[in-house]
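Report on one structure; see the data block that follows.
The values are calculated or read from the model by the stated rules, or taken from the named source; none is laboratory data. These figures come from a predicted structure and were not determined experimentally. When we count neighbours, we look across all protein chains shown, and the Cβ atoms used for this are built from the backbone with ideal geometry, even at glycine.
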Amino acid sequence: MSVLEDLARLSAAEEFFTYLGVEFEPSVVHVSRLHILRRMGQYLRTSEAGGAFDALSDDEIKALCRTHLEQAYQDFVNSSPIEERLFKVHQDAVAPKPEVTKPFVALSSIAGNNADI
């Protein structure tokens, strides 16, 4: 079984850290587990798109995955999920809100002829 197949079978964030041999502070992982794994996935996709996995042995792939997990973890040791804005809900929370324009109807346009009042 390859390293990537092993990783695909893992579910908890702590399992990724243990499997790849990355030390972590449980309180950081508790708060940012999904964010860390999503960021690691972004790093892996970038490496894969750049051909980084081509012709690598399983040990080299595991080392690359370890590096990406360490990097993703450090992103959230030094920052917060809200600051990193990986998920749409965080992006939307800080997105500029469109200015709401209320329709304007001049009183003179609906009053008509004041002589009848």
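Screening GLU23 against (1) farther than 11 Å from ALA72 by Cα; (2) assigned to a helix (DSSP H, G or I) leaves a single unmet condition, (2).
Would you say LEU69 is within 17 Å of the chain's Cα centre (by Cα), within 22 Å of SER2 (Cβ to Cβ), of a type in the set (A, V, I, L, M, F, W, C) and in a helix (DSSP H, G or I)? It is true that LEU69 is within 17 Å of the chain's Cα centre (by Cα), within 22 Å of SER2 (Cβ to Cβ), of a type in the set (A, V, I, L, M, F, W, C) and in a helix (DSSP H, G or I).
Note on segment 24-51: residues that are over 21 Å from SER11 (Cα atoms), surrounded by fewer than 16 Cβ atoms within 10 Å (Cβ to Cβ) and touching a residue at least 12 places away in the same chain (Cβ under 8 Å) total 0.
The requirement of being surrounded by fewer than 18 Cβ atoms within 10 Å (Cβ to Cβ), at pLDDT 90 or above, of a type in the set (Asp, Glu) and not in a helix (DSSP H, G or I) is not satisfied by GLU60.
Within segment 8-58, can you find the residues that are under 14 Å from LEU69 (Cα atoms) and among the polar types (S, T, N, Q)? Answer for segment 8-58, where residues must be under 14 Å from LEU69 (Cα atoms) and among the polar types (S, T, N, Q): THR18, SER32, GLN42, THR46, SER47. PRO98 meets the conditions (1) modelled with pLDDT under 80; (2) in a helix (DSSP H, G or I) in every case but one. The failed one is (2). A Cβ distance below 7 Å, combined with a sequence gap of six or more or placement on separate chains, defines the contacts here; from segment 57-82, residues that are closer than 16 Å to ALA13 by Cβ reach residues that are exposed (fewer than 13 other Cβ atoms within 10 Å of the Cβ) in the pairs ARG66/GLY21.
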